[in-house]
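The values are calculated or read from the model by the stated rules, or taken from the named source; none is laboratory data. Keep in mind it's a predicted model, so treat the numbers as computed, not measured. Note that each Cβ is placed from the backbone with ideal geometry, even for glycine, and that neighbours are counted across all protein chains shown. Remember, those area values only see protein heavy atoms, side chains included, never the ligands or the DNA or RNA. Shrake-Rupley method; radii C 1.70, N 1.55, O 1.52, S 1.80 Å.
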Amino acid sequence: VIKGTIAELSDGTNLAQMVAFVPVTWATGGTIGPLIGGFLSHSAEHFPEIFGNDFWRKYPYLLPCIVPAVVSALCWIIVYLTLRETVRTPKSLRSLCARSASSSTDLVMA
């Protein structure tokens, strides 16, 4: 998805520079994500004044799961509200599937 979005948002002059950032985002997320998850785990022990009740002691890994879920939901909402469709004449999914099925049938028969 990110490569398609980059291709639509960039022009031919800066496409290479924009695509070069894709591995950087994966490496950054793969490094920082576990650090944040480890920091937020066992929140009742690390932050007893905020998460000191029995619920957080019973579920010590719930907070590291909730935080990325909320961040992902917020990112989805922002993208949904701000990213504009670039296809001028959208086609229905049914027509695309029918075309795909007919082209794969032609390949099998050839």
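Tell me what the chain gives for mean residue ellipticity at 222 nm when only DSSP H runs of n ≥ 4 count, each as -39,500 (n - 2.57), the sum divided by the residue total, rounded to 500 deg cm²/dmol. All intermediate terms of the calculation are to be shown ahead of the outcome.
Working: 8 runs with 84 residues, N = 110.
About -23000 deg cm²/dmol.
For the stretch 72-84, what does the Karplus curve 6.51 cos²θ - 1.76 cosθ + 1.60, with θ = phi - 60°, yield as ³J(HN,Hα) per residue in whole Hz, taken in order and with x for Gly and Pro?
With the stated coefficients, the stretch 72-84 comes to 5, 5, 5, 4, 4, 5, 4, 5, 4, 7, 10, 7, 8 Hz.
Between helix 21-40 and the chain, what is the angle of the helix's C-alpha long axis to the longest principal axis, kept within 0 to 90° and rounded to the nearest 10?
Roughly 20 degrees, rounded to the nearest 10.
Rounded to the nearest whole Å², what accessible area per residue is found for the stretch 1-62 with the 1.4 Å probe? Before the final figure, lay out each step's value.
On the way: 4730 Å² over 62 residues.
So the stretch 1-62 comes to 76 Å² accessible per residue, rounded to a whole number.
Compute the FRET efficiency between LEU96 and LEU9 as 1/(1 + (r/R0)^6), taking r as their Cβ-Cβ distance and R0 = 25 Å, and round to the nearest 0.05. Write out the running numbers ahead of the final one.
Working: r = 23 Å, r/R0 = 0.92.
The computed FRET efficiency comes out at 0.65.
Output the 0 to 90 degree angle, nearest 10, between the alpha-carbon long axis of helix 93-109 and the longest principal axis computed from the alpha carbons of the chain.
The angle comes out near 60 degrees.
With just the Cα atoms of the stretch 1-67, tell me how far they stretch along each of the three principal axes, in Å, largest first.
So the extents along the principal axes, rounded to whole Å, are 56, 18, 16.
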